[in-house]
1. Arranged from highest to lowest average of other beta-carbon atoms within 10 Å per residue, in what order do the peptides 62-68, 42-48, 108-114 appear?
2. In nanometres, what is the gap between the two model label sites at residue 83 and residue 26, each 7 Å from Cα along Cα-to-Cβ?
3. Straight-line reach from residue 26: which lysines have Cα under 26 Å away, leaving out those fewer than 8 places along the same chain?
4. Classify region 1-106: rounded, prolate or oblate, from the alpha-carbon gyration tensor (a ≥ b ≥ c, eigenvalue square roots; a/c under 1.5 rounded; otherwise prolate if a/b is larger than b/c)?
5. Which one, 94, 153, 119, projects farthest toward the positive side of the charge dipole computed for the chain from Cβ point charges (K/R +1, D/E -1)?
6. Taking the mean number of other Cβ atoms within 10 Å as a proxy for protection, how do you rank 11-21, 126-136, 151-161 from highest to lowest?
7. Defining a contact as two alpha carbons under 8 Å apart and six or more residues distant in sequence, what relative contact order in percent does the chain show?
8. Report the FRET efficiency, 1/(1 + (r/R0)^6), for residue 123 and residue 151, where r is their Cβ-Cβ distance and R0 is 25 Å, rounded to 0.05.
Amino acid sequence: MAVLSIIIAPDPRLKKKSKPVEKVDKGIRALMDDMLETMHAANGIGLAAPQIGVLKNVIVIDVSKSGEPANPIRMANPEIIWESEERSPHEEGCLSLPEYFAEVERPERVRVRYLDHENEIRELEADEILATCVQHEMDHLKGTLFVDHISSLKRNMILRKLSKSKKVETESA
Ligand code: NI
């Protein structure tokens with residue numbers, strides 16, 4: 001397993017659409033494990049493959065709280081097969097937009113169909129933080145970031161600040 005570097009916004013690679021995987025084989029399993037290790041190292045609760053520069057429909061999630069046993073979820077080709085009419089706002093952050101948070105309104109509950117790490121078709125019904133997280137990670141597969149759900153004024157402010165701090169980092173590196 002390996003900790004990979006996470007792409008920070010703004011970056012055109014985060015705006016690209018990912019492709020479905022044909023089959024969850026050894027290579028995809030290794031990708032899932034690397035993504036989980038990368039996510040845990042960054043103290044995140046979810047990570048999508050495009051965030052490490054891989055344009056494949058693969059996401060990993062672990063919303064267990066600190067002190068609780070880990071509960072890693074590996075998903076390939078996730079699709080939402082049902083969503084609740086009720087929507088609710090939750091504060092979201094993203095490892096590709098470090099230190100920025102905003103409230104995003106999404107369906108409160110969703111049912112997701114996906115391939116697990118053994119290439120088995122599974123379904124998961126999610127609510128609360130898991131519902132937010134799975135929808136947020138699936139957005140990444142379409143090239144959508146959580147800031148694309150908020151006002152352009154706030155989005156541009158966040159992206160401007162991020163691109164400024166990236167510049168400073170490159171200059172001092
Ligand atoms: Ni994210």
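1. 42-48, 108-114, 62-68
2. Going by the 7 Å Cα→Cβ label model, 3.9 nm.
3. Excluding near neighbours in sequence, the set is 16, 17, 56, 142.
4. Working: a/c = 1.26, a/b = 1.20, b/c = 1.05.
Verdict is rounded for region 1-106.
5. Result: 153.
6. Values: 11-21: 14.7, 126-136: 20.3, 151-161: 12.8.
Put in order of decreasing packing, that is 126-136, 11-21, 151-161.
7. Numbers: 314 pairs, mean separation 41.9, N = 173.
Relative CO of the chain lands at 24 percent.
8. Values: r = 34 Å, r/R0 = 1.38.
Here the calculated transfer efficiency is 0.15.
Where a number appears in this text, it was derived from the coordinates with a stated rule and is not lab data. Bear in mind the structure is a predicted one, so any value in this text is a computation, not a measurement. For neighbour counting, all protein chains shown are included, and Cβ atoms are generated from backbone atoms with ideal geometry for every residue, glycine included.
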